[in-house]
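The values are calculated or read from the model by the stated rules, or taken from the named source; none is laboratory data. As the structure is a computational prediction, the values presented were derived from the model and not from experiment. Quick reminder, even Gly has a Cβ in these numbers, built from the backbone with ideal geometry, and neighbours come from all protein chains shown. Only protein heavy atoms, including side chains, enter the accessible area calculation; ligands, DNA and RNA are left aside. Shrake-Rupley method; radii C 1.70, N 1.55, O 1.52, S 1.80 Å.
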Amino acid sequence: MWRARAAPSGVPRCPPGPGVAREVSPQRWAPKRRISSGGLPSRAVGVRHRGSHRHRVSGRRGSVHMRVGFWWVLAGLGLAGLGCGESVDAAAVDAVKETSEVPVQALACAPPGAVYKVKDVLPPGVPVPSNALPVPDWLTNAEGTLFFVVDLFDGPGVLWRSDGTSVGTVPVKEFPVIAGTYRDFSPLVAVGTRVFFLVKDPVVGRELWVSDGTEAGTRLVRDFAPGPASDDLMLFASVGDVLTFFRRPASRGPLELWRSDGTEVGTFRLVTFGAQDSFESGVPPVAGALLFTLHDAANGTYLWRTDGTAAGTTVVKRLDADLVWTQGTAVTATGLSVFSFYDEGPITEVWRTDGTPGGTVRLDSFGGYVRLLGALGGYVYVASGTAGGSALKLSRLSLAGGGKATATWLPNRYAGQPDARPYVEYSAVAGGKLYVSMAIGTSGPAPREVGLWVTDGTEAGTRELSRGLFTGDENYSPLFDTGAGTLLFSADGGETGLEPWVTDGTPGRTGLVADLSPLGGSNPQSFTRVGSTLFFRARSDTRGNALWAMPATVACPTQEVHAR
């Protein structure tokens, strides 16, 4: 039975509303984006994120996709910390409620055959993997070719590629079985037409590999720690035509920045930073440069940049005299990077940067914790809670400076019920609109309801589109910008189970893409665009999960809708 536990020191306690849980788990309180060995933040890859993120930020097996693992975040950011004491504009909240009857679509949007199973990749006879360790995994676009991995416990670990056809979906390289464990693949990072990744080998340990999609072209780049031992290699990113990453020797030596062109001679150290306390790359990159932060108790937190050369690796700006950690990020249409972090007070600071000292400025700050949602036009949007949990308040900040203002509200229809505080799961920008999945809490890790909201930044342009997003404790319903003006997400319309849905932000063009599984929902995840095709993982009609695909332009024709 789940029980709340004592809050960690430094975590603010809000005046509790009716039935509000007062305590959260102390096990993994902030900084939540501290990076351990071997992985990279989902934002660097562009595939996984828990609003983004679902941030699988560290080692492959250390970041299981479960609400239980993130309960401390949700309690701290959404249930007990977001905007403690924020006042509510009751008239504005009621105005949004008036336009928020959730529509119900009657027909599937995609024509027959438009959504199809590419291939079953689970070998016959092996146990079906758990949802926490999915197959296929790490779907990645490398200039028109999809790469992914199949990593089975006590079984083969295989790198695959696909052109979207069954015959063109083939294994590239099989890595040796390691009894009683996994190969521990890191996320795949595309650099041009190749992918880089870490994988565990019984002879050389967990080291850096590269692949061009052929078995002959899949090779070990360098054995950093000879023998089965492994150094910590982390935060991989594509910068120009090279891979950049950080290395900390197994001996706990100084932190180093490296680059690689995929050859041993072209893999070398750029900079040695020294014994920094910690570091991260939570800040989105800008044109031609990776951004990252370094922290140490003596000097505080600094923003750095690198273009993949030693000369181009420089300090951008000091962000804070203390150790602070980025908690939310966004990228504007003009390529500016926006990020937020929590500081003592507590306050949340929101910054923007173009990668230069003069272009790195604090936009504003908020009392308490707020969640950075995304950028629309000349504004960045954040969410905060309200006293009593009656709504989420969306505020906007001008990217040019000039302060903040209330934009709109997301009402909580369970307000006043025990533990029913709202919080944000994911957010995404698609087609010039901001989408937010808002969950309503319970006394445990799984919410009672998750709805999809859309806004153009005004009260009149804010409405709820679905209340059928996933409410289990294994993962979240993804929100994915198709790049064609629409958003893909997974939802249960009441009869199908979790299936892919699509919306352009209007009720009449929000609906089920296709019912893929007669067994209670296909649970689509890991949407990845490659050219004009969207790939994803979903339940097979045989056993386990399979690789599926659909056109990136999938959309709902305007249909008659009925209020639920």
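What the table shows:
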read-out	value
Å² of accessible area per residue within the stretch 406-564, as computed with a 1.4 Å probe and no ligands counted	31 Å²
Within the accessible area of the stretch 334-399 (1.4 Å probe), percent carbon and sulfur	49 percent
Percent carbon-and-sulfur accessible area, the stretch 451-564, ignoring ligands, DNA and RNA, probe 1.4 Å	48 percent
Members of Lys393/Lys433; Lys317/Lys433; Lys119/Lys433; Lys119/Lys173; Lys317/Lys393 lying beyond 24 Å, as alpha-carbon distances in this model show	Lys317/Lys433; Lys119/Lys433; Lys317/Lys393
Accessible surface of the stretch 116-266 [probe 1.4 Å, protein heavy atoms]: carbon and sulfur percent	55 percent
Amide H within-cut-off set for Leu208, under 5 Å, with H built and near neighbours excluded	Val221, Arg222, Phe224
Solvent exposure of the stretch 130-208 as accessible area per residue, Å², 1.4 Å probe	32 Å²
Hydrodynamic radius (Kirkwood) for the stretch 372-465, which is based on Cα pairs only, to one decimal in Å	13.5 Å
Where GluC sites (Glu not before Pro) fall in DSSP loop in the stretch 461-500, at most 13 other Cβ within 10 Å	Glu495
Surface per residue (accessible, 1.4 Å probe) for the stretch 307-347, Å²	42 Å²
Built amide H within the under 5 Å cut-off of Ser278, gap 5+	His295
Inter-part distance where the stretch 471-507 and the stretch 246-289 are each reduced to a Cα centre, Å	37 Å
Loop GluC sites (Glu not before Pro), the stretch 140-208 (other Cβ atoms within 10 Å of the site Cβ: 14 or fewer; DSSP)	Glu143
